[in-house]
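Colleague: Before I ask anything, here is the structure I am working with.
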Ligand SMILES: CC(C)(COP(=O)(O)OP(=O)(O)OC[C@H]1O[C@@H](n2cnc3c(N)ncnc32)[C@H](O)[C@@H]1OP(=O)(O)O)[C@@H](O)C(=O)NCCC(=O)NCCS
């Protein structure tokens with residue numbers, strides 16, 4: 001599908017004018033109490049950014065536009081963490097606290113205390129396969145203090161599933177949302193015991209997302 005038609009489809013879906021079925025696989029990690037940040041190759045730096053950094057460091061866009069990224073930083077409940085080389089962001093991700101804003105499913109899910117949600121991961125094309133996504137995930141886990149870190153990706157994002165497996169993240173649940181004009185529902189399916197729960201309201205699904213308890217395998 002061309003990017004023009006997928007953008008049109010995304011906009012129609014956002015306006016509630018086109019049906020969709022979307023799924024996300026949620027992962028979690030209980031970081032060890034003590035872990036050290038990964039060593040980055042020479043010339044790279046990992047740090048949290050401020051709104052004033054975005055333009056000078058050539059914010060790469062992607063999941064959030066420059067204006068949206070500024071708004072997110074000014075709101076103050078999320079960090080934008082980036083790997084920088086020279087005056088450019090090579091890779092970045094968001095670390096959300098208190099609320100995970102999951103645009104793909106239109107959910108704002110409350111996070112328990114000391115839980116963080118890593119989202120909107122992006123490595124710029126020229127820096128892919130240099131270990132930067134892995135380094136960012138490890139650096140966030142090492143920064144703590146987290147009881148649990150969460151993250152998610154679509155079922156077909158094989159690079160992300162491999163990355164989670166390599167880093168010891170555990171698959172937790174799958175949430176699937178169906179949206180038809182005037183009607184939406186969500187199935188939350190725990191992957192380690194427990195029944196699938198169906199929610200007709202996004203608020204109820206969002207509340208359940210990080211509250212679902214499972215038996216450990
Ligand atoms: C997915 C993405 C973040 C990976 O970033 P990256 O810096 O290239 O990943 P890394 O180099 O740290 O790779 C770590 C591991 O991930 C897996 N991986 C990464 N890219 C992969 C690819 N293209 N194919 C298969 N596995 C891949 C591998 O297991 C890799 O370990 P290995 O190099 O020892 O084989 C990057 O490709 C990207 O930004 N993609 C577009 C945006 C996106 O999908 N974001 C995730 C949204 S949840």
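Colleague: For the range 121-130, what are the residues that are crowded, with 17+ Cβ neighbours inside 10 Å and within 6 Å of the ligand (Cβ to nearest atom)?
Modeller: The answer is 121, 122, 123.
Colleague: To continue, here is another question. Do we find a residue being part of a loop (DSSP other than H, G, I, E, B), touching a strand residue (DSSP E or B) at 6+ places or on another chain (Cβ under 8 Å) and under 22 Å from residue 167 (Cβ atoms) anywhere in the range 40-49?
Modeller: There is at least one residue in the range 40-49 that is part of a loop (DSSP other than H, G, I, E, B), touching a strand residue (DSSP E or B) at 6+ places or on another chain (Cβ under 8 Å) and under 22 Å from residue 167 (Cβ atoms).
Colleague: Checking residue 101 against (1) more than 12 Å from the chain's Cα centre (by Cα); (2) part of a strand (DSSP E or B); (3) surrounded by fewer than 21 Cβ atoms within 10 Å (Cβ to Cβ): exactly one of these is not met. Which one?
Modeller: (1)
Colleague: Conditions first: (1) over 18 Å from the mean Cα position of the chain (by Cα); (2) at pLDDT below 95; (3) surrounded by 11 or more Cβ atoms within 10 Å (Cβ to Cβ); (4) on the phi < 0 side of the Ramachandran plot. Residue 15 passes all but one, so which condition is the exception?
Modeller: In the conditions (1) over 18 Å from the mean Cα position of the chain (by Cα); (2) at pLDDT below 95; (3) surrounded by 11 or more Cβ atoms within 10 Å (Cβ to Cβ); (4) on the phi < 0 side of the Ramachandran plot, residue 15 misses (3) alone.
Colleague: Part of a helix (DSSP H, G or I), more than 25 Å from residue 57 (Cβ to Cβ) and either in contact with a strand residue (DSSP E or B) (Cβ under 6 Å, 6 or more places away or on another chain) or at pLDDT 95 or above (or both): which single residue out of 214, 207, 126 fits that description?
Modeller: None of the others qualify; the one that does is 207.
Colleague: Return yes when residue 68 is within 25 Å of residue 9 (Cβ to Cβ) and either out of contact with any strand residue (DSSP E or B) (no Cβ under 9 Å at 6 or more places or on another chain) or free of Cβ contacts under 8 Å to residues at least 60 places away in the same chain (or both) and no when it is not.
Modeller: Yes; evaluated as a whole, the condition is true for this residue.
Colleague: A follow-up question, please. Within 11 Å of the ligand (Cβ to nearest atom) and either modelled with pLDDT of 95 or more or in contact with a strand residue (DSSP E or B) (Cβ under 9 Å, 6 or more places away or on another chain) (or both), is that true of residue 118?
Modeller: For residue 118, the condition - within 11 Å of the ligand (Cβ to nearest atom) and either modelled with pLDDT of 95 or more or in contact with a strand residue (DSSP E or B) (Cβ under 9 Å, 6 or more places away or on another chain) (or both) - is met.
Colleague: Which residues, taken from the range 136-158, are within 11 Å of the ligand (Cβ to nearest atom), part of a helix (DSSP H, G or I) and either under 12 Å from residue 121 (Cα atoms) or touching a strand residue (DSSP E or B) at 6+ places or on another chain (Cβ under 9 Å) (or both)?
Modeller: Residues satisfying the conditions are 136, 137.
Colleague: Go over the candidates 163, 173 one by one and state the one that is within 14 Å of the ligand (Cβ to nearest atom), surrounded by 15 or more Cβ atoms within 10 Å (Cβ to Cβ) and either within 17 Å of the chain's Cα centre (by Cα) or closer than 17 Å to residue 104 by Cα (or both).
Modeller: 163
The values are calculated or read from the model by the stated rules, or taken from the named source; none is laboratory data. Just so you know, these numbers come straight off a predicted model, no measurement behind them. Don't worry about glycine lacking a Cβ; one is built from the backbone with ideal geometry, like all the others, and counts go over all protein chains shown.
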